[in-house]
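A short worksheet on the structure shown next.
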Amino acid sequence: MNLLIKDVHLEDNPDSTDLRIAEGYFTEIGPGLEPAPGETVVPGGGRLVLPPIIESHVHLDSAMTAGQPRWNASGTLFEGIEVWSERKRDLTVADVKERVNRAVRQQARFGVQYVRTHVDVTDPGLTALRALLELREELADFVTLQLVAFPQEGIESYPNGRDLMREAASMGVDVIGAIPHFEFTREYSVSSLRYAVDLALEFDLLVDVHCDETDDEASRGLETLATLAYENQMGARVTASHTTAMHSYNNAYVNRLMRVLTLSGINFVSNPLVNTHLQARTDTYPKRRGVTRVKELTEAGLNVSFGQDDIVDPWNPLGTGNLRDVVFNGLHVTQMMGHQQIVDSYRFITHNAARTLNLSDYGIEVGHSADFVIFDAPSWYEALSFNAPVVGSYRGGRLIARTEPVEHEVLF
Ligand code: FE2
């Protein structure tokens with residue numbers, strides 16, 4: 001179907017524009033476009049249009065399992081790993097597919113069309129990975145899934161951890177993961193990162209590490225990862241997720257660290273909602289916020305995106321899949337509430353995340369696939385403030401999710 005979307009605000013452009021779509025691609029973008037024969041005109045009503053929302057860090061294999069077989073009583077990352085370890089003994093491909101299908105459809109309601117999901121491969125049967133590999137194909141028309149081989153219980157510290165990672169790589173994952181702060185020793189931490197980077201180079205894959213997700217200021221996986229990325233000239237093909245220990249590093253160390261971070265050009269993913277919940281559990285008062293230095297990294301020109309991390313699972317019983325909530329929380333907790341910072345913040349879940357995922361054809365441009373979302377608000381500032389729904393999510397010019405705005409009536 002050929003479409004003419006009339007009168008929308010594209011990203012942060014205050015002027016109204018129109019989008020012409022033919023055969024699933026943007027063919028013309030500009031104000032005052034006239035309908036062509038056979039075109040369906042969609043009135044935009046001055047609403048905000050963004051490129052599709054990108055979830056750059058989530059664990060879909062554990063989604064929708066909160067309370068199974070028990071609740072995470074302490075609210076810590078480590079009890080979450082224990083609870084999940086118990087739950088995953090009962091995994092079947094059908095179980096994983098049923099839950100992930102629900103989670104992906106929930107994300108779609110909020111305009112998500114790209115998802116990088118970490119998949120736990122510390123499981124001798126690789127059950128979750130087999131399910132996600134099937135889903136990557138089955139859902140491809142509606143969502144692009146990027147799969148990370150994620151060693152939840154370690155590469156060096158889990159039986160046959162290295163072999164499981166290699167098997168996952170050969171089965172067709174997109175990204176190699178690691179979890180250096182969970183390994184038994186600092187030496188294992190370093191060797192696990194070397195193994196992960198070498199594996200990624202061998203299979204020509206991306207790297208995304210759960211890096212220093214702890215409040216321990218002595219957790220220094222990031223410097224090793226960034227150095228490996230720099231020495232192998234991998235740049236944006238490498239991502240450091242979480243890096244919450246960086247919150248607690250002393251400033252003199254961070255000054256030194258920033259040099260190799262900048263030289264390396266790696267990406268960062270922060271998960272502010274989940275990490276404000278999980279981190280600082282051993283603090284009494286004052287309690288640390290437990291979120292990496294998003295403001296400082298951004299100001300240094302490093303790429304940072306935001307992720308949800310968990311949707312109704314042992315690490316976050318309240319994850320919704322709506323990345324607006326993550327940005328809203330993230331701006332508060334990182335103290336990035338200057339007006340321009342708020343105006344720019346949609347980039348954490350669009351363009352910055354596209355760089356993290358290494359997407360090459362992302363964005364609303366003539367010649368690109370007609371993938372976009374329409375918010376029921378005139379600007380991102382208002383969409384964020386009032387939690388505006390995504391009234392339409394289009395992929396290849398086809399409407400794949402829609403929400404009817406709620407009407408409010410205050411009777412005084
Ligand atoms: Fe994570």
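The values are calculated or read from the model by the stated rules, or taken from the named source; none is laboratory data. Everything numeric in this text was worked out from a predicted model, so none of it was measured. Cβ atoms come from the backbone with ideal geometry, glycine included; neighbour counts cover every protein chain shown. Protein only, heavy atoms only, side chains kept; ligands, DNA and RNA dropped before computing areas. Shrake-Rupley method; radii C 1.70, N 1.55, O 1.52, S 1.80 Å.
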Normalised contact order of the chain, rounded percent, pairs of Cα under 8 Å and 6 or more residues apart: 20 percent
Cα centroid separation, segment 251-302 to segment 355-412 (Å): 29 Å
Rg to Rh quotient for segment 326-376, alpha carbon positions, Kirkwood Rh: 1.04
Share antiparallel - DSSP beta bridges, the chain, percent rounded to 5: 40 percent
By average C-beta atoms within 10 angstrom, highest first, the peptides 16-23, 274-281: 274-281, 16-23
Under 26 Å from the Cα of K88 - lysines, other chains or at least 8 residues apart: K97
Proximal lysines to K295, defined as alpha-carbon separation beneath 28 angstrom and excluding residues fewer than eight positions away on the same chain: K287
Per residue solvent-accessible surface (Å²) - the chain, probe of 1.4 Å: 41 Å²
For segment 55-356, with +1 on Lys and Arg beta carbons and -1 on Asp and Glu, the positive-most of L225, G67, Q107 along the dipole: Q107
Linear extension gain, E202 paired with T40, 0.36 nm per residue minus alpha-carbon span: 53.5 nm
Principal axis dimensions, segment 14-129 - Cα atoms, whole angstrom, descending: 60, 28, 18
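What does the charge dipole of the chain about its Cα centre add up to, to the nearest 20 debye, if the Cβ of each Lys and Arg holds +1 and the Cβ of each Asp and Glu holds -1? Could the numbers behind the result be given before it?
Values: 35 positive and 57 negative charges, 109 e Å.
It comes to approximately 520 debye.
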Computed FRET value (nearest 0.05) for E138 with T227, which takes r as the C-beta separation and R₀ as 51 Å: 0.85
Segment 255-311 shape via C-alpha gyration tensor axes, a/c threshold 1.5: oblate
Computed over segment 120-245, Cα set: Rg, Dmax in Å: 14.1, 44
Rounded if a/c under 1.5, otherwise prolate or oblate - segment 55-356, Cα gyration tensor axes: rounded
Cα lying deepest toward the dipole's positive end in segment 135-215, options V197, V148, M171, charges on Cβ: V197
Heavy-atom accessible surface of the chain: percent carbon and sulfur, 1.4 Å: 51 percent
